[in-house]
Number of protein chains: 2
Amino acid sequence: MKNMIDPWGSVLVKDYEKVIDQFGLDNFNPKLFPEPNSLMRRQVVFAARDQGQIGHAILKKKPFYALSGIVPSAEKIHFGTKMVVENLEYFQEQGAKTYILVADLEAAAARGISLEEARKRAMDFHIPAYIALGLDLKKTFFYFQSDNKEVMNKAYEFAKKITYNEFKAIYGSADPGKIMSTMVQVADILYPQFHERMPGVIPVGIDQDPHIRLTRDIVQRMKSEKFFLPSAIYHKFTPSLDGSLKMSKSKPESCIELPEDPEKVIKKLKKAKTGGRETVEEQKKKGGEPEKCIIFELEKQHLLHDDKELDQIYKDCKCGKLMCGEHKEKTCQRMVEFLAEFERKLAKAKKNVNKLKFIKFRN
Amino acid sequence: MKNMIDPWGSVLVKDYEKVIDQFGLDNFNPKLFPEPNSLMRRQVVFAARDQGQIGHAILKKKPFYALSGIVPSAEKIHFGTKMVVENLEYFQEQGAKTYILVADLEAAAARGISLEEARKRAMDFHIPAYIALGLDLKKTFFYFQSDNKEVMNKAYEFAKKITYNEFKAIYGSADPGKIMSTMVQVADILYPQFHERMPGVIPVGIDQDPHIRLTRDIVQRMKSEKFFLPSAIYHKFTPSLDGSLKMSKSKPESCIELPEDPEKVIKKLKKAKTGGRETVEEQKKKGGEPEKCIIFELEKQHLLHDDKELDQIYKDCKCGKLMCGEHKEKTCQRMVEFLAEFERKLAKAKKNVNKLKFIKFRN
């Protein structure tokens with residue numbers, strides 16, 4: 001598994017620094033970006049590819065794009081998805097042409113639902129959820145994969161540019177279904193450049209780097225087409241409440257989804273692993289270990305956007321002033337507020353789906 | 001290479017009977033088909049899959065389809081292509097809904113030409129050539145792969161139905177480009193059934209069987225969709241003029257293309273391998289061996305549609321009455337006539353491309 005991360009499975013990435021080395025990434029540099037968001041400031045966004053060209057485009061007010069995809073199969077979205085949307089929102093505010101592709105083909109093929117059902121789920125829930133999380137629907141272009149002939153046609157062309165061995169070296173396996181969906185993703189990533197060459201940034205979890213790498217490899221083999229190499233920024237995983245690296249649906253008691261019943265979430269948070277000591281006495285004496293605390297990580301990644309407040313919590317924990325029980329109470333409160341706001345915004349967004357801007361394709 | 005034929009390369013198939021066994025084909029049975037054409041009567045069409053359902057549909061006047069593809073990359077078409085068109089023509093006359101897909105995506109991706117150029121070549125030459133060879137343009141539906149979103153979307157779905165190992169077992173390799181083009185071909189083969197379930201027949205050279213087999217495997221895994229398993233009929237290769245099994249562009253001196261300068265063709269035919277003996281005396285005594293004669297095979301496959309006349313030639317050769325020189329003269333004459341007629345029909349067909357019926361796709 002050296003040099004390889006499986007974007008479909010959940011693979012533990014124990015040391016993010018090691019990943020940067022192994023994958024040939026750059027450390028993310030928030031100084032390149034005006035008014036970086038809290039994920040960027042806190043190194044939750046920890047790595048990047050070609051971040052300079054995006055920072056430059058923002059600074060010089062040149063055209064660039066930000067893009068992400070939605071697979072509209074599940075009934076809920078993973079709590080970690082919130083980070084993708086926050087980063088999209090950031091670039092959108094900085095002037096990015098923003099694209100959301102709805103991977104209805106992938107949802108249909110992987111989950112055995114019809115394309116119609118996949119579209120319905122996207123319209124009824126997934127897109128509204130993204131809007132509830134901060135995406136500006138007025139500034140976003142949407143398309144369904146199954147509508148986008150150009151993407152499919154280009155995927156066909158791109159596939160000829162790589163060999164089985166190269167694919168396998170990146171992904172570890174090469175089943176036809178995986179190849180097909182990957183090649184379409186490569187084309188999706190470049191789609192905004194089909195009609196206007198410009199830099200673009202894909203905000204992703206680190207497990208998605210293989211797609212970015214493959215896309216960049218292919219662009220370099222399509223020299224005559226002069227695509228810009230896509231940039232990417234990578235955020236860390238949201239950890240599982242039990243302390244393991246990645247929150248996963250396979251452990252529902254350690255995973256938060258959106259939407260989810262606040263009472264259930266509180267119950268889960270109460271059991272979450274913290275950086276507390278064996279006894280209260282010990283903790284008062286030695287202080288806690290916020291670096292190991294899932295509750296602190298949730299606040300850092302998701303619930304607390306004020307850096308000073310977060311810093312105060314860190315210090316109070318470190319010096320043994322803030323005990324885990326008290327801290328969890330506050331975090332639960334913030335979580336309940338967030339969930340209530342999400343539900344409220346979701347309800348509103350559902351009413352606005354008729355205002356979505358879908359790309360019009362010529363036949 | 002057991003149980004495997006590479007539809008992209010030229011692999012010698014030494015014993016057609018063996019192929020029938022190995023691939024699990026049926027012997028072609030011309031009695032199942034009303035007024036079989038000369039290829040069928042002479043066992044140039046030698047094998048089939050599910051031929052019964054097509055014979056039945058013809059007999060009962062039930063809907064069925066015949067389909068073939070054009071890859072519009074080369075400047076000329078292979079002489080052997082004539083057989084595909086003749087078989088299409090046969091089914092068309094028997095009432096088949098006839099489809100020609102233009103594999104512009106394949107042409108563009110494999111040859112590095114633009115989609116526009118691929119389309120231009122199809123309209124300027126390949127489609128007119130098919131019409132010149134006998135396809136009834138008024139009864140044929142055409143589409144360009146790059147226009148057909150439904151085919152691309154279905155290819156995506158089909159790809160999830162097979163594994164890398166299954167693909168490799170059929171094709172011997174599994175490069176992403178090959179997988180992508182194969183999955184699209186599978187969807188092309190089934191396309192006429194997307195909106196109307198009916199049997200269909202694909203007339204192909206035996207080297208194309210992997211696509212048929214894979215399509216049938218996939219249909220069997222899509223039970224809920226109730227596609228008819230596609231039927232196929234298989235014709236033998238047109239042999240190389242030097243006597244090897246398959247006429248190939250890689251040996252231009254042993255290959256005939258359409259169109260080609262008659263004088264050049266005659267020069268090539270003069271050098272073609274025959275079933276003649278070492279000396280005229282010996283041949284007069286023992287008779288020739290038409291089974292081994294490329295000239296005879298060309299007449300059987302392509303130039304002489306009258307069975308009685310062909311039979312007479314066979315007998316005259318066998319009994320030592322017809323010498324190779326004399327036979328070649330006549331064959332050359334027939335070839336020149338055929339080439340002239342082809343050119344004449346091609347010129348006419350080029351003027352009629354505006355009458356082609358392209359399938360209209362909704363967006």
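The values are calculated or read from the model by the stated rules, or taken from the named source; none is laboratory data. Quick caveat: nothing in here was measured; it's all calculated off a predicted structure. Virtual Cβ from ideal backbone geometry, glycine too; neighbours counted across all protein chains shown.
Screening the candidates A:ALA107, A:ALA103 for the property of being modelled with pLDDT of 95 or more and either touching a helix residue (DSSP H, G or I) at 6+ places or on another chain (Cβ under 9 Å) or over 16 Å from A:LYS139 (Cβ atoms) (or both) yields one hit, A:ALA103. Listed conditions (1) outside any helix (DSSP H, G or I); (2) touching a helix residue (DSSP H, G or I) at 6+ places or on another chain (Cβ under 8 Å) are all met by A:GLU166, apart from (1). When the range B:330-363 is filtered for residues that are buried (at least 16 other Cβ atoms within 10 Å of the Cβ), at pLDDT 95 or above and among the hydrophobic types (A, V, I, L, M, F, W, C), the ones remaining, listed by number, are B:CYS332, B:MET335, B:PHE338, B:LEU339, B:PHE342, B:LEU346, B:ALA349. Of all residues in the range B:46-65, those satisfying the criterion of being touching a residue at least 40 places away in the same chain (Cβ under 8 Å) and part of a loop (DSSP other than H, G, I, E, B) are B:ASP50, B:LYS62, B:PRO63, B:PHE64. For the range B:209-225, state whether one or more residues are crowded, with 19+ Cβ neighbours inside 10 Å and in contact with a Pro (Cβ under 6 Å, 6 or more places away or on another chain). Yes - at least one qualifying residue is present in the range B:209-225. The residues of the range A:154-163 that are in contact (Cβ under 8 Å) with a residue 24 or more places away in the chain and either surrounded by fewer than 21 Cβ atoms within 10 Å (Cβ to Cβ) or β-branched (Val, Ile, Thr) (or both), listed by number, are A:LYS161, A:ILE162. Selection of the range A:308-322 for residues being surrounded by 17 or more Cβ atoms within 10 Å (Cβ to Cβ) and more than 19 Å from A:ARG42 (Cβ to Cβ) yields only A:GLY320. Please go through the range B:254-284 and give me each residue that is within 22 Å of B:ALA129 (Cα to Cα), free of Cβ contacts under 8 Å to residues at least 60 places away in the same chain and out of contact with any Asp or Glu (no Cβ under 8 Å at 6 or more places or on another chain), ordered by number. Of everything in the range B:254-284, those that are within 22 Å of B:ALA129 (Cα to Cα), free of Cβ contacts under 8 Å to residues at least 60 places away in the same chain and out of contact with any Asp or Glu (no Cβ under 8 Å at 6 or more places or on another chain) turn out to be B:ASP261, B:GLU263, B:LYS264.
Within the range A:235-247, does at least one residue satisfy the condition of being over 19 Å from A:LEU133 (Cβ atoms) and of a type in the set (Phe, Trp, Tyr)?
no
I'm trying to understand the selection: among the residues of the range B:168-180, which are within 10 Å of another protein chain (Cβ to nearest Cβ) and surrounded by fewer than 24 Cβ atoms within 10 Å (Cβ to Cβ)? Write out each step before concluding.
Taking the range B:168-180 and keeping what is within 10 Å of another protein chain (Cβ to nearest Cβ), we get B:168, B:173-180.
Of everything in the range B:168-180, those that are within 10 Å of another protein chain (Cβ to nearest Cβ) and surrounded by fewer than 24 Cβ atoms within 10 Å (Cβ to Cβ) turn out to be B:LYS168, B:SER173, B:ASP175, B:GLY177, B:LYS178.
Here are some residues: A:ALA110, A:ALA174. Which one is among the hydrophobic types (A, V, I, L, M, F, W, C) and without any contact (Cβ under 8 Å) to a residue 12 or more places away in the chain?
A:ALA174
Criterion applied to A:LEU310, A:LEU303 was being on the phi < 0 side of the Ramachandran plot and in contact with a Phe, Trp or Tyr (Cβ under 7 Å, 6 or more places away or on another chain), and the one residue passing it is A:LEU303. Of the set (1) of a type in the set (S, T, N, Q); (2) within 21 Å of B:HIS235 (Cβ to Cβ); (3) at the interface with chain A (Cβ under 10 Å from one of its Cβ atoms), all apply to B:GLN185 but (3). From the list B:SER68, B:SER73, the one residue that fits, being within 14 Å of chain A (Cβ to nearest Cβ), under 25 Å from B:ALA187 (Cβ atoms) and not in a helix (DSSP H, G or I), is B:SER73. Is there a residue being under 25 Å from A:ASP124 (Cβ atoms) and within 14 Å of chain B (Cβ to nearest Cβ) anywhere in the range A:337-347? For the range A:337-347, residues under 25 Å from A:ASP124 (Cβ atoms) and within 14 Å of chain B (Cβ to nearest Cβ): absent.
With respect to (1) outside any strand (DSSP E or B); (2) farther than 17 Å from B:PHE167 by Cα, the lone exception for A:PHE142 is condition (1). Might you check whether a residue that is more than 9 Å from chain B (Cβ to nearest Cβ), at pLDDT below 95, farther than 22 Å from A:GLN92 by Cα and under 19 Å from the mean Cα position of the chain (by Cα) occurs anywhere in the range A:193-209? The answer is yes; a qualifying residue exists. Being assigned to a loop (DSSP other than H, G, I, E, B) and in the same structural domain as B:LEU303 (by TED's automatic domain parsing) is the requirement here; does B:GLY243 meet it? Considered against the rule, which asks whether it is assigned to a loop (DSSP other than H, G, I, E, B) and in the same structural domain as B:LEU303 (by TED's automatic domain parsing), B:GLY243 comes out as no. For the range B:76-125, the tally of residues that are in contact with a Lys or Arg (Cβ under 8 Å, 6 or more places away or on another chain), on the phi > 0 side of the Ramachandran plot and within 14 Å of chain A (Cβ to nearest Cβ) stands at 0.
Determine whether A:GLU260 is surrounded by fewer than 21 Cβ atoms within 10 Å (Cβ to Cβ), modelled with pLDDT of 95 or more and not in a helix (DSSP H, G or I). Walk me through how you get there before you give the answer.
Values: surrounded by fewer than 21 Cβ atoms within 10 Å (Cβ to Cβ): yes; modelled with pLDDT of 95 or more: yes; not in a helix (DSSP H, G or I): yes.
Answer is yes for this residue.
State whether one or more residues within the range A:148-161 are within 9 Å of another protein chain (Cβ to nearest Cβ), polar (S, T, N, Q) and over 28 Å from B:GLU116 (Cβ atoms). No, there is no match, as no residue in the range A:148-161 is within 9 Å of another protein chain (Cβ to nearest Cβ), polar (S, T, N, Q) and over 28 Å from B:GLU116 (Cβ atoms).
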